[in-house]
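Encoded as structure tokens, the structure appears first; notes follow it.
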Amino acid sequence: MRITFKPMVVAGIAALFTAAVIAPALAEIKKPANYPTRPITILFCFGKAGGSAQSIQALQGPASKIMGVKVNMLSKPGGGGLNCLPDFAQTPADGYTILQHIDALPAKYAAGATDLNPAEDLEPLLIMNVAPSGLYIRGDDKRFLTNGKPDFDKVLAYARSGEGKLAVSNINVPMELVTMSVLEKHFGFKAKQVLFAKPAQRYGAVIGGKLDILLEQPGDVSKHVEAGKLAPVLSIWPERFKIAPDTKATGPDYGLKWSPLLRFRGLFVKKGTPKEIVTYLQAVFKEAYNTKEHQAFIKRKSLDIVESYRSPADAKKELEGAIATYAKVFKELGQKVRPGL
Amino acid sequence: MENFINGTVLLFTDPTGIAIFIFGLFGGLVFGAIPGLSLLTLAAVLLPFSAWLTAEHAIMLYGVIYVSGVYGGAITAILFNIPGSVENAPTAFDGYPMTRKGQAGKAIGFAVTCSAIGGTVSAVLMMMATEPIADFAIRAFGPVEVFAVVFFGLTVVAGIGTRSLAKGWLSLLLGLFLGVIGGDPVSAVPRFTMGSLYLTGGLNFVPLILGFFAVTEVFVQGQRMASGTHVPSKVSVAYPSFKEFWDLRVAVVRSTVIGWFCGLLPGIGATLAAFVSYNEAVRWSKHPETFGHGDPEGVVAPETANNAATGAAMIPLLALGLPGGALTAIMIGVFNLHGMDIGPLIMVEAHDLVWVLFASMFWASLAILFLGIVEAKGIVHLLRIPFPIMAPAILVFSTIGAYALRANILDVYTMFGAGVAGFFMRRSDYSIPAVVMGLILGQIGENVFSQAMVMLDYNFLNFFTQPISAVLIGGGLATVAYNIFKHSRSYLATFGRLDETTAHEPGD
């Protein structure tokens, strides 16, 4: 099931209402002529309860207030973030459909899994989340606790007790898969990875004890950690996270000298979208990002471990850098790389 | 009980709260009933406005929309063979044939009463034990067990809506085939896409369901009009008697249990509930051949189950922060808009608010019972509209429904393509319900199968090492074997008699 576009009449009423009540206060951003006159849809490529959905929900309200039209979300999960691309490709370059995507897009381009080059074929509006990752166990998983606290050494001992013994709840996205490969190589074990498209199922598999460990970003699972359903067991970072000082980190505690791959999430429109619309949307989302409401979300979700905002120009550089980085990593791991990279 | 009373008091002591409750009730019914304007449309439209309401009113509104919207889709499924949303599709399998037999009032009566029963029982269970039930469900059901549920369900599908087992299986396989078109769920490897961008994105449920049900029906009735054999649906406002309900008590209990458990599974929700419940009604019936031809149990089963799933879906949402379906995922947004992170702590942090939600869903389930009784007596008169006026209206609504999904004209072509295919399939006694079941359950099943196989070391026999999956897969295989045995016996008996007749022909 998916969220459908609402009918034009209701959309019109919604737009007029919002515009009349809220927009005048935020009139400083120059609007292009006749845009937007109807709701804008943000198409995202992952499930509805994970980090992508949360990041859109946090911007949805502020952006809607600024533009005076409703901003919808449309989820098309599957294929490790690629099954949504044909839907996006069929939309016109008119600024009414915005694609939200993550580091998976440049990585999969580098792997040759998609021909959409995000650095060339998309116009970035911003990058709004940049975050490192960690490993999480079930909060009451006695196998991996010492004196009631998560103990990564116990996880390691279990993982090393047999190939495929440790079962990881994961997603078919290169950042996660490469990170696991690096951890496997460094720590000397081989895990079994079960790949989910929907975050609810991915988290549920660990909370329910069907799988042993989850690779995820701190903010995405913060509510489960606060409730004791999940517990951080390892930070994949050169130092311990300030938000989790008791959790060991790969750098200081296990001597892993590696610059971790980061999760980033950005908003993009199609190349060919009228320039004034692109400029307008870039300004709108920058303003939405900086609202008090959104900044509270950034703080609450620990998205300030690394500065999360990237301007459109920096976002383009980030995409180009990610393509080069992943091409290099894939070569090192002996995996397929797009010819010419 | 005290919590429930407090929730109810918060709900109904404020005129604004009452107004929002009534708005949600009618809004869900109307949007749930019109294809393309599902309850999700209403939920999405109202999301920004919910920020203007108090947290109690906003959460209550979404609880009410959820309950009434899931029921609303049954009305058009029964009267016009147009399911309002995917979880109402099985209702059309028998609901519409009941309408054709002049039993529309009864069909709506069964649907409304059973929706109310399913929803109310579900709401009560939700209030009694949210946290322990959520913990149990999530520990007992992983990808292996969910795949087993889907497999078990699919094994009875071939017998629905056709007299031929072979045609039933072919229909099911067609549905499974349609479901795999597009990128695969794990790696996006394109399958059967013929280089088409549209097919690479996969076929969407909504245009296919509208095509197979609504458009096919218009074509079938149109052909009958052209050939002078069209018989208008008889208008009947007769409500089911108490005895008729009592006769179906087992089906109601079974469907409530199935709907409840399916609703508990994160990411799946009411759709699986409705389809599995319908399948089980067929499996346990003494007359499975009557399904697809207007058996009231075919209305009772999915409508009880999809509403029983509503309260159950709240359990993983509230206790674990894991949504069961699209609407519960939108509810996460409603909580966020009011500064709360839905999840395990919500029961502590927003105790009163959660009880307002529980109370609103309970009262909404009861309210649709009374509304539905009025509807059963009134709305069936729509059937008096002559077919030459109704047919274009159905096609226009269906076209809008298919197009509104993502503003893509190719979805409209898909809908008409499915309509034409459905027309010829029905003429040849292929099963439309089996196609739709294959399509929906196949996509859910493929996802969990890919995960389950990794967990089971790519060894199918390992499904038998887990108790729940062993029982369900074993039961499914037994069902297939029994069906083949039953049909073979009947085939041999028929041909045996023919041989006997031939052997004693005069002159022999």
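Things worth noting here:
- A simple spin-label model places the labels of B:Val471 and A:Ala33 7.0 nm from each other, with each point 7 Å out along Cα-to-Cβ.
- Residues in chain B average 37 Å² of solvent-accessible surface per residue, probe 1.4 Å, ligands and nucleic acids excluded.
- Farthest positive-ward along the protein assembly as shown dipole, Cα basis, beta-carbon charges - from A:Ala200, B:Val276, A:Thr273: A:Thr273
- Our helix-only sum for chain A, with -39,500 (n - 2.57) per DSSP H run of n ≥ 4 divided by its residues, gives a mean residue ellipticity at 222 nm of -12000 deg cm²/dmol.
- Convex hull of Cα atoms in chain B, direction-averaged projection (nm²): 27.3 nm²
- Length-normalised contact order for the stretch B:1-93 - Cα pairs under 8 Å, 6+ apart - percent: 31 percent
- For B:197-210, mean number of other protein chain Cβ atoms within 10 Å: 3
- Using C-alpha pairs under 8 Å with a sequence gap of at least 6, the mean separation divided by the residue count of chain B gives a relative contact order of 28 percent.
- Total accessible area lost when B and A pair, probe 1.4 Å, Å² to nearest 100: 4800 Å²
- Net charge, B:Ser428 excluded, C-beta distance under 14 Å - Lys, Arg +1, Asp, Glu -1: +3
- Cα centroid separation, the stretch B:14-93 to the stretch B:171-245 (Å): 23 Å
- Helix B:39-50 axis, angle to chain B major axis (alpha carbon atoms, nearest 10°): 10 degrees
- Scattering profile of chain A at q = 0.11 Å⁻¹ [log10 I(q)/I(0), Debye over alpha-carbon scatterers]: -0.73
- Interface residues, the stretch A:198-213 - accessible area loss of 10 Å² or more versus chain alone, probe 1.4 Å: A:Lys198, A:Ala200, A:Gln201, A:Gly204, A:Ile207, A:Gly208, A:Lys210, A:Leu211
- The alpha-carbon atoms of the stretch B:153-196 define a convex hull whose volume equals 81 cubic angstrom per residue.
- Spatially proximal aspartates and glutamates relative to A:Lys292 (Cα-Cα < 15 Å; intrachain offsets below 8 disregarded): A:Asp304
- Think of the protein assembly as shown as a dipole: +1 on every Lys or Arg Cβ, -1 on every Asp or Glu Cβ, centred on the Cα centre; then among B:Val420, A:Asn117, A:Tyr158, A:Asn117 lies furthest on the positive end.
- Percent breakdown of C-alpha pair distances by 20 Å bin, ordered from the shortest bin, for the protein assembly as shown: 15, 49, 31, 5, 1, 0
- Of the accessible area of the stretch B:394-476, computed with a 1.4 Å probe over protein heavy atoms only, carbon and sulfur atoms account for 71 percent.
- Crossing angle, helix B:216-226 versus chain B [Cα axis fit, 0-90 degrees, rounded to tens]: 50 degrees
- Residue mean of other protein chain beta carbons inside 10 Å, A:68-74: 3
- Centroid-to-centroid separation of the stretch A:206-270 and the stretch B:420-452 [C-alpha atoms, Å]: 40 Å
- Cβ-placed point charges (K, R +1; D, E -1), dipole of the stretch A:133-254 about Cα centre in debye, nearest 20: 280 debye
- Listed pairs B:Lys286/B:Lys377; A:Lys154/A:Lys301; A:Lys76/A:Lys192; A:Lys149/A:Lys257; A:Lys30/A:Lys70 exceeding 22 Å between Cα atoms: B:Lys286/B:Lys377; A:Lys154/A:Lys301; A:Lys76/A:Lys192; A:Lys149/A:Lys257
- Averaging Cα coordinates gives a centre for the stretch B:352-419 and one for the stretch A:293-323; these two points are 42 Å apart.
- Dipole magnitude of chain A about its Cα centre (Cβ charges: Lys, Arg +1; Asp, Glu -1), debye to nearest 20: 540 debye
- Calculated FRET value between A:Leu333 and B:Arg163, using beta carbons and R₀ = 45 Å, to 0.05: 0.20
- In the stretch B:176-333, the portion of solvent-accessible area held by carbon and sulfur atoms comes to 70 percent [1.4 Å probe, whole percent, DNA, RNA and ligands not counted].
- Using only the C-alpha atoms, the convex hull of the stretch B:111-188 corresponds to 157 Å³ per residue.
- Estimated from helical segments only, the mean residue ellipticity of chain B at 222 nm is -24000 deg cm²/dmol, where each DSSP H run of four or more residues counts as -39500 (n - 2.57).
- Residues of the stretch A:112-130 with amide N under 18 Å of the 7 Å Cα→Cβ point at A:Asp314: A:124-130
- Angle between chain B longest axis and helix B:165-180 axis [Cα atoms, degrees, rounded to 10]: 50 degrees
- Average silhouette area of the stretch A:242-341, convex hull of alpha-carbon atoms, in square nanometres: 9.3 nm²
- Peptide packing for A:168-180, B:10-22, B:93-105, A:32-44 was compared via the average number of neighbouring C-beta atoms within 10 Å per residue; ordered from the highest value, the list is B:93-105, A:168-180, A:32-44, B:10-22.
- By the Cβ distance rule of under 4.7 Å, the protein assembly as shown has these cysteines without a partner: B:Cys114, B:Cys262.
- Calculated on C-alpha atoms, the gyration radius of the stretch B:1-78 divided by its Kirkwood radius gives an Rg/Rh of 1.03.
- Ordering of A:123-132, B:110-119, B:83-92 by burial proxy (mean other Cβ atoms within 10 Å per residue, highest first): B:83-92, B:110-119, A:123-132
- Compactness of the stretch A:70-211 as Cα Rg over 2.2 N^0.38 Å, two decimals: 1.27
- Computed on chain A, with alpha-carbon pairs under 8 angstrom and 6+ residues apart, the relative contact order is 26 percent.
- The stretch between B:Val124 and B:Phe23, if pulled fully straight at 0.36 nm per residue, gains 34.0 nm over its current Cα-Cα span.
- Counting only other chain Cβ atoms within 10 Å of each residue's Cβ, the peptide B:139-146 averages 4.
- For the stretch A:133-254, diffusion coefficient by Stokes-Einstein and Kirkwood Rh (Cα), 20 °C, 1.002 mPa s, µm²/s: 151 µm²/s
- Dipole magnitude of chain B, debye to nearest 20 (Cβ charges: Lys/Arg +1, Asp/Glu -1, about Cα centre): 1260 debye
- Dipole orientation for chain B: of the candidates B:Ser490, B:Thr120, B:Gly153, B:Ser490 has the Cα lying most toward the positive pole (charges on Cβ; Lys, Arg +1; Asp, Glu -1).
- Computed label-point distance, nm, for sites B:His381 and B:Val396 using a 7 Å Cα→Cβ extension: 2.2 nm
The values are calculated or read from the model by the stated rules, or taken from the named source; none is laboratory data. Not measured: the values here are computed from a predicted model. A quick note on method: Cβ atoms are made from the backbone with ideal geometry, for glycine too, and the neighbour counts reach across all protein chains shown. Protein only, heavy atoms only, side chains kept; ligands, DNA and RNA dropped before computing areas. Shrake-Rupley method; radii C 1.70, N 1.55, O 1.52, S 1.80 Å.
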